[in-house]
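Please treat every number below as a calculation from the coordinates, not as lab data. Nothing here was measured: the structure is a model prediction, and the numbers come from that model. FYI the Cβ positions are ideal-geometry reconstructions off the backbone, even for glycines, and counts take in every protein chain you see.
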Amino acid sequence: MAGPSEAQETAGLTFDVTVNTGDSAAGSHQTGRGWIAGKRTRIDLRGGMPGTAMPGMDGDNISIIVHDSSDAPTVALVMHDTKKFMYPSRMMEQLKEMMEAMPEKPAMTFSVTNIVVDTLGAGETISGFATKRYKVSADIAMSIEMMSEHVSESMHVESEGDFAEELSDYSDPLRDTRGFKSAMSGMPWADSASTAEMEKLIRAAPRGLALRQVDRVTGVSEGGEPVQTTTTRFSNIKRESVPLSMFAIPEGYTEMEMPMVGGPDVN
């Protein structure tokens, strides 16, 4: 993602971020710093990756870097402790290729219903930015056929957030790791119909940048435990010039390969 314009700077935002999952005893807690410049975003987090863990995500110091061009974001996850990085979309493509070669190709159906957007009035004023509070809720049903096994699940999702319309031109740096879109992460068997269903939720998202967001999921479990509520909050938000080099992969870092299922990790 490096380029000749790295030395340039552009108008953007800087901010602090906290991500709390679950309660203080059983949950996780990440803190960090973020930058937004147009459609480029970066968040550095201490405490590991928020939300569902991905294979190979080692270390407590993580960066999430997003480049967005023509509505096709490229997400890079950077692990500073091991000086490695990965592009999740490339790994998903590799998994899809593996599944295409399976004797019984996995099949998935995915539907989104009962989408409700509630306007809850004024939200918090955060770093001087006024917000409007919204709650978006929906029901999700999915069914997966894989290796002669059939699994069906249904869930209710809610996302309550304080949105700054004044910052609507800035991309959400955690859009792929929080909220509804993260529900599709790690699902390489999702087809175009499933993606179209998820787009219903994306289109329902309120206008503006969410400076505080609380995501809840009920009806399903992870490892036999309820899915924990995640709260994301931005603070100390400032309009500042941001160097484009901030969004480049650091020199000397190597790209991870997809971990081999059932075999040794060569990385």
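When peptides 114-127, 207-220 are sorted by average Cβ neighbour count within 10 Å, with the highest value leading, the order is 207-220, 114-127.
Beyond 24 Å between alpha-carbons counts as too far, so tell me which of K135/K238; K84/K200; K132/K238; K200/K238; K83/K238 fall in that bin.
Values: K135/K238 26 Å; K84/K200 34 Å; K132/K238 19 Å; K200/K238 32 Å; K83/K238 29 Å.
Table pairs above 24 Å Cα-Cα are K135/K238; K84/K200; K200/K238; K83/K238.
With R₀ fixed at 35 Å, the C-beta to C-beta distance from D118 to S152 puts the FRET efficiency at about 0.80. Spacing of the modelled spin labels on S127 and R33, each 7 Å from Cα toward Cβ, amounts to 1.3 nm.
Summing Lys, Arg as +1 and Asp, Glu as -1, what charge do residues with Cβ under 13 Å from the Cβ of S137 carry, S137 excluded? Charge balance in the 13 Å sphere: -2. Listed from fewest to most Cβ neighbours within 10 Å, the set S148, S63 follows the order S148, S63.
Placing a pseudo-label 7 Å from each Cα along the Cα-to-Cβ vector at I249 and T195 gives an inter-label distance of 2.2 nm. Summing Lys and Arg as +1 and Asp and Glu as -1 over all other residues whose Cβ lies under 13 Å from the Cβ of R46 gives a net charge of -3.
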